Amino acid sequence: MPSARSLGRTKLVWPLAALGCLLLFNFFFTPNFFHMEVKEGHLYGNLIDILKNAAPIMLLAIGLTLVIATKGIDISVGSVVAISAGVVAILLGGDLAGHPKYPLAVAIVAALAASTAAGLWNGILVSRIGLQPIIATLILFVAGRGIAMVLTNAMVIWLYVKPFAIFGQGYWLGLPFSIYLVAGLLLLTALVTRRTAIGLFIESVGINPTAARFSGINAKNILLGVYVFSGFCAGVSGLVVCSTVMSADGNNAGNLYELDAILAVVLGGTSLNGGKFYLLGSMVGALIIQTLTTTIYAFNVAPEISQVVKALVVYAVSLLQSERFRHRIAGVFLKGRTVA
Amino acid sequence: MTRRLLNDRNVPVLVILALFLLMFGWGSVAYTGFFSVQNFLNLFIDNAYLLILAVGMTFVIISGGIDLSVGSMLGLATMISASLLEKQHLNPLLVILIVLLVGTALGFFMGCLIQFFDLPPFIITLAGLYLARGLCYVVSLDTIAINDGFFQAAAHSQVKLIGDNFVSPSAVIALAVVAVGAYVLRFTRFGRTVYAIGGNEQSALLMGLPVARTKIAIYSLSGFCSALGGIVFTFYTLSGYALDGKGMELDAIATVVIGGTLLTGGVGSAFGTVLGVLVYGTIQVLIVFQGTLNSWWTRIVIGFLVFLFCFLQRLFEARKGTTAVRTVSQVPAATASG
């Protein structure tokens with residue numbers, strides 16, 4: 001079966017196996033985990049909740065996957081989420097009757113423009129000035145949350161504009177609307193990267209930027225592009241986050257999201273050393289994180305403690321990715337065999 | 001003499017010194033009551049914990065690494081000390097010893113992972129950030145107030161200097177850490193090895209320097225400094241709160257970078273870091289004196305300063321570098337150390 005073999009070759013099988021194990025665990029130990037029902041024409045249940053709650057991280061992970069494929073990193077995405085949420089909130093205004101200050105479309109376009117501009121800033125620092133990606137995006141990580149707080153005047157802005165709620169709370173054909181956003185963006189990204197040479201260019205910049213440049217790839221613009229795109233994705237994610245709680249909190253919106261998104265990408269099989277990326281893997285990674293969180297909730301453990309589990313997962317995954325670790329383990333087994 | 005003063009190593013430190021004097025001078029002219037010896041000393045009192053974190057971070061960054069866990073390690077230190085003092089009623093000195101041991105042990109653990117399995121410091125310390133923050137909540141979900149006599153005394157006592165001026169015991173601890181840090185970096189074999197690893201780890205290894213031992217020691221040291229910073233922070237707030245030190249890792253990194261330490265490793269000084277912290281503190285005081293600006297502007301100004309200093313560093317490198325070096329350094333990923 002060629003399809004099964006190609007599935008094994010793509011690294012997707014490992015993240016899927018991990019997700020499968022988590023779901024299996026829940027099947028046996030969490031009562032009603034797979035229970036689903038139709039209420040008011042929408043599907044309800046744990047699985048739908050996982051999809052819905054994972055949406056903001058999935059959106060971030062799409063952009064971040066491409067950044068990491070170039071051997072870069074973008075730690076500013078959480079702050080950009082806060083900026084996007086802040087912009088949309090001040091443009092819609094906190095009018096109690098629900099009349100938006102500016103039309104909804106204007107607010108959305110402005111939020112996306114602001115976050116794309118943030119991405120452009122990161123991209124210029126990395127591709128033109130030549131700063132290390134961690135440092136370049138660190139600047140906006142620090143300043144971005146400050147910008148969001150100054151925008152919202154350090155207050156939580158509550159929104160009452162009903163149509164805006166669709167991004168985070170709306171349903172379409174029985175499924176949460178945010179899922180369609182994720183699917184749309186994912187499809188678009190997959191088409192652009194896999195049906196054109198852009199994906200190959202991104203990977204070659206990640207493997208060896210100098211060689212890529214010598215073979216005629218405009219490495220600088222590829223780098224610029226992935227950071228701009230990552231900013232845009234963070235903007236979309238910000239809209240979903242803001243709409244879910246119908247408020248913009250510059251301090252907490254998107255807080256620590258960058259870590260979850262990086263974790264999702266790494267869990268999905270994209271190596272931090274760049275050169276290869278798996279968009280679908282990153283999506284599965286985001287689902288693993290969300291399923292893990294939901295599982296921990298189901299056991300009545302304080303949500304904050306879930307961070308300890310996440311940390312242990314990161315250690316385990318990075319050890320598995322470490323060549324030295326694998327060699328050492330392989331060495332133990334081989335030694336055993338030769339002795340026997 | 002001028003040429004020695006103006007050599008490459010000193011230029012960034014002199015720039016930051018000038019910036020600090022400029023900002024402090026501007027504040028003194030613009031706002032009445034800004035200029036006083038006590039106000040200068042307050043910079044050390046209010047930023048003692050940050051100074052301690054930043055000294056540990058200086059070692060890490062000079063070695064070409066990064067430690068993102070220091071903020072939550074500080075939080076963990078405040079939680080453990082508050083919990084042991086108020087719930088277990090242990091002797092305060094024993095509590096301090098335990099906290100320092102826990103911090104050093106966590107740093108040691110991360111250093112071992114980074115060294116033995118060749119893992120990126122960024123990811124390992126990022127996971128450390130999660131781990132320490134999660135452990136805070138394992139200790140307690142609620143804020144714990146500290147009523148212990150020793151900690152109260154440390155919080156309220158003053159060390160008198162000339163005139164009516166004073167510093168807090170925390171500031172004395174911080175300055176001692178700076179002094180020891182500066183001495184170790186400059187005058188010991190360990191310090192030299194830290195610079196050598198940051199300059200080129202492969203060469204350091206070929207020179208027969210104890211790279212593995214030193215790298216693990218660096219992360220243990222950073223863990224120790226985070227724990228000590230946490231204790232000093234506890235003197236400051238007299239409570240343990242699970243969100244203490246949120247985002248502080250970036251303040252620490254920012255002050256180290258502003259202080260002239262190169263993020264690519266190999267260059268930097270503890271003295272520069274002190275100046276970085278002073279500039280950071282002065283920005284905060286200026287914003288307080290200004291009155292109308294929201295305190296979040298501090299973050300924006302800090303972000304801008306980090307940008308400015310990184311940008312200047314790139315300019316210096318580009319001017320010094322030969323063509324070959326420049327081709328490589330144009331592409332950031334190639335210069336990132338593995």
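Take each residue of peptide A:316-323, count the partner chain Cβ atoms within 10 Å of its Cβ, and average: the result is 3. Amide H contacts under 5 Å for B:SER239: B:ILE146, restricted to partners 5 or more places along the chain or on a different chain, H placed in the peptide plane at 1.01 Å from N. The overall shape of the stretch A:52-150, judged from the alpha-carbon gyration tensor, is prolate: a/c is not under 1.5, and a/b is greater than b/c.
A Förster radius of 45 Å, combined with the Cβ-Cβ distance separating B:GLN38 from A:HIS327, puts the computed FRET efficiency at roughly 0.15.
When Rg and the Kirkwood Rh are both derived from Cα coordinates, the Rg/Rh ratio for the stretch B:170-300 amounts to 1.03.
Where does each of A:182-193, A:76-87, A:279-290, A:215-226 land if you order them by average Cβ count within 10 Å, highest first? Each step should come with its number before you reach the end.
Values: A:182-193: 15.5, A:76-87: 31.5, A:279-290: 25.0, A:215-226: 19.0.
Ranking, from highest mean packing down: A:76-87, A:279-290, A:215-226, A:182-193.
Projected onto their three principal axes, the Cα atoms of the stretch A:190-285 cover extents of 49, 25, 24 Å, largest first. Within 10 Å of the Cβ of each residue in A:254-266, the mean number of Cβ atoms contributed by other protein chains is 2. Peptide A:149-157 shows a mean partner chain C-beta count of 2 within 10 Å per residue C-beta.
3J(HN,Hα) along the stretch A:230-241: 4, x, 4, 4, 4, x, 4, 4, x, 4, 5, 4 Hz, from the Karplus curve 6.51 cos²θ - 1.76 cosθ + 1.60 with θ = phi - 60°, whole Hz, x for Gly and Pro. Is the shape of the protein assembly as shown rounded, prolate or oblate, going by the alpha carbon gyration tensor and its root eigenvalues a ≥ b ≥ c, with a/c under 1.5 for rounded and a/b larger than b/c for prolate? Taking the square roots of the gyration eigenvalues as a ≥ b ≥ c, the protein assembly as shown is rounded.
Scalar couplings 3J(HN,Hα) for the stretch B:249-258, obtained by applying the Karplus form with A = 6.51, B = -1.76, C = 1.60 to θ = phi - 60°, are 4, 6, 4, 5, 4, 4, 5, 5, 5, 4 Hz; x denotes Gly and Pro.
Order of B:257-263, B:139-145, B:161-167, A:56-62 by packing, highest average Cβ count within 10 Å first?
Listed from highest to lowest mean packing, they are A:56-62, B:257-263, B:139-145, B:161-167.
Along the Cα-to-Cβ line of A:ILE166, 7 Å from the Cα, sits a label point; which residues in the stretch A:231-259 have backbone N less than 12 Å from it? Inside the label zone: nothing.
Using the alpha carbon gyration tensor of the stretch B:174-250, what are the three equivalent-ellipsoid semi-axes (square root of 5 times each eigenvalue), largest first, in whole Å?
On the way: eigenvalues 193, 41, 16 Å².
Working from the Cα gyration tensor, I get semi-axes of 31, 14, 9 Å.
Legend: calculated FRET efficiency, B:MET207 to B:SER157, from the Cβ-Cβ distance at R0 = 56 Å, rounded to 0.05, equals 0.70. In a solvent-free Debye calculation with one equal scatterer on each Cα, what is log10 I(q)/I(0) for the stretch A:115-180 at q = 0.15 Å⁻¹, listed in the order of the q values? Here log10 of I(q) over I(0) equals -0.74.
Think of the stretch B:133-217 as having a plus end and a minus end, set by charges on the Cβ of Lys, Arg, Asp and Glu; of B:HIS156, B:PHE187, B:LEU141, B:PHE187 sits farthest toward the positive end of this dipole.
One Cα centroid belongs to the stretch B:59-94, the other to the stretch A:203-251; the line between them spans 35 Å. Comparing A:ASP249, A:ASP260, A:ASP95 in a Gaussian network model of chain A, where Cα atoms under 10 Å apart are tied by springs, the biggest mean-square fluctuation is seen for A:ASP95. On a per residue basis, the convex hull of the C-alpha atoms belonging to chain A measures out at 180 Å³. Between B:SER83, B:ASN42, B:SER63, the Cα set farthest toward the positive side of the dipole of chain B (charges on each charged residue's Cβ, about the Cα centre) is that of B:SER63.
If neighbour count is taken as other Cβ atoms inside 10 Å, put B:CYS310, A:CYS21 in order from fewest to most. Provide the component values of the computation, followed by the final result.
Values: B:CYS310 23, A:CYS21 12.
Fewest-to-most ranking of B:CYS310, A:CYS21: A:CYS21, B:CYS310.
Here the relative contact order of chain B, from alpha carbon pairs under 8 Å that lie six or more residues apart, stands at 32 percent. Between the stretch A:61-99 and the stretch A:280-294, how many Å separate their Cα centres? Using only Cα atoms, the two centres lie 20 Å from each other. Any idea how far the Cα center of the stretch B:262-318 sits from the one of the stretch B:20-38, in Å? Value for the Cα centre distance between the two parts: 18 Å.
Since every read-out is calculated from the coordinates, none of them should be taken as a lab result. All values derive from a computational prediction rather than experimental measurement. Cβ atoms come from the backbone with ideal geometry, glycine included; neighbour counts cover every protein chain shown.
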